[in-house]
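What follows is a single structure, written as structure tokens, with notes after it.
Just so it is clear, none of the values below were taken in a lab; they were calculated from the coordinates. If you're wondering where the values come from, they're calculated on a predicted model, not measured in any experiment. Positions of Cβ are generated from backbone atoms using ideal geometry, with glycine treated the same way; all protein chains shown enter the neighbour counts.
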Amino acid sequence: MRYTGSMTNAFVQSMARNFEDALRLMEAALSDCPDRLWETDLWPDEAPTGPGPHGGLHGSSPWFLGYHALTCLDYDLAGDFEPWHPPKPFDENTWSFPNRIFTRAELLGYVDHCRERVRRTLDALTDDAAARPLPATHRYRGTLYAVNAGSIPLHVVEHASQIRQFLTAAGIKPQPTEARTLPRVELVNYCLDLCD
């Protein structure tokens, strides 16, 4: 993915790559999960899937971890600077907790939705927008937008890695994710060209 918005610099290019790597890892984790493990909790004692105290489901199954990571990415990119609602069918929730189990196809569609949101967000990112503190209504209120946005891929990688580790422990051999295509020297030269 190449982002060409008003803040095209090495920092935004780096963010774009981190988002894409995180989304690719989540996509692979969800794709590799067999049906028999889709609803199996990673931590059945600490976080069994079931109704939450305020409605919706909570848990630690692969589908839930994927839903949670993608919903957080989608919400945090909006930063509470605009009204945010998850796309259908993910609007079927109670206080952000899903009201039903989502399918692999639905979650893979959400990965695609998040890729497009990242593209639009980074294409429109300006220095001023990046330096805005998150509003008081956001869970990370006061944090600069760019600081928060830069940490989002880590959360996605965390949950995708947990799913992949769970699959490996269950005897599933996860497929390798697509390797980065630029050798290191080409990547460094590319970033230097952007800064000129």
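Just to check I understand the Karplus step: with θ = phi - 60° and J = 6.51 cos²θ - 1.76 cosθ + 1.60, what whole-Hz values come out for region 39-53, glycine and proline as x?
Coupling constants for region 39-53: 10, 8, 6, 5, 10, x, 7, 8, 9, x, 6, x, x, x, x Hz.
Among Arg104, Arg36, which comes first, then next, by fewest other beta-carbon atoms within 10 Å?
Arg36, Arg104
Stretched out fully, how many nm does the piece from His54 to Glu116 gain, at 0.36 nm a residue minus the Cα gap?
Difference between extended and current length: 19.2 nm.
Just rank Leu154, Leu30, fewest to most, by other beta-carbon atoms within 10 angstrom.
So the residues, fewest neighbours to most, are Leu154, Leu30.
Taking other Cβ within 10 Å of each residue's Cβ, how do Thr121, Thr177 sort, fewest first? Please list the in-between numbers first.
Numbers: Thr121 20, Thr177 16.
Taking fewest neighbouring Cβ atoms as first place, the list is Thr177, Thr121.
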